[in-house]
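Step one of this worksheet: look at the structure below.
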Amino acid sequence: MASESSGGAGMPDRWERLWAPHRMAYLAGENRPKADNDVACPFCEILKMSDEKAFIVARGKEVYAVLNLYPYNAGHMLICSNRHVADLTELSDSERNEMQEFTSHAMKVLRKVSNCGGFNIGLNQGALSGAGIADHIHQHIVPRWFGDANFMPIIGQTKVLPKLLSQTRDELSAAW
């Protein structure tokens, strides 16, 4: 058994901790469809909401840009198809083209609004690959800055987001 001085798990030690309990909602499955379909697809439901309520930055003919409710960094956007399909291979040519056009434009807007220095962009295809909502295709656009991977996420396992989602949505939408 660990003693207090050794800092064993669950034991008092010299480290202060920052808690981010809002992440537990995502980890527990909030807003994610279940196998028994007791929750509607959130990416389909978003389309029925106002842009402000849903944190939609922009709508296109076949896709839309929306802020991630559980962001890795400030400005973390998703480009979602309007149509409920799971896989990149199921998109039409025009849907794929518009998804890439929105991705490119989102990068320009994020650079202008937040002065980010780079991006992580990607698709998680299937639950096995880490897709939280595997049945509706969505591409992640995560802005990055030098030093954003500081001690907070590495040691504290906590992200510091400097703006509210509503403020971020308003700024990005205005610049779109």
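The values are calculated or read from the model by the stated rules, or taken from the named source; none is laboratory data. The shown structure was predicted, so the numbers you read here are calculated from the model rather than taken from an experiment. Here the Cβ positions follow ideal geometry from the backbone for every residue, glycine too, while neighbour counts run over all protein chains shown.
From the list TRP145, TRP176, the lone residue that is closer than 15 Å to ASN73 by Cβ, surrounded by 12 or more Cβ atoms within 10 Å (Cβ to Cβ) and either aromatic (Phe, Trp, Tyr) or modelled with pLDDT under 90 (or both) is TRP145.
Counting only strands (runs of 3 or more DSSP E) wholly contained in region 36-114, the ones carrying 3 or more residues that are touching a His at 6+ places or on another chain (Cβ under 8 Å) and surrounded by 13 or more Cβ atoms within 10 Å (Cβ to Cβ) occupy 77-81.
What pairs can you find where one residue is in region 73-91 and within 25 Å of CYS116 (Cβ to Cβ), the other is among the acidic types (Asp, Glu), and their Cβ atoms are less than 6 Å apart, with a gap of 6+ or different chains? Pairs found: SER81/GLU95. Got a number for residues in region 69-119 being under 13 Å from HIS140 (Cα atoms), modelled with pLDDT under 95 and touching a strand residue (DSSP E or B) at 6+ places or on another chain (Cβ under 9 Å)? Total satisfying the criteria: 7.
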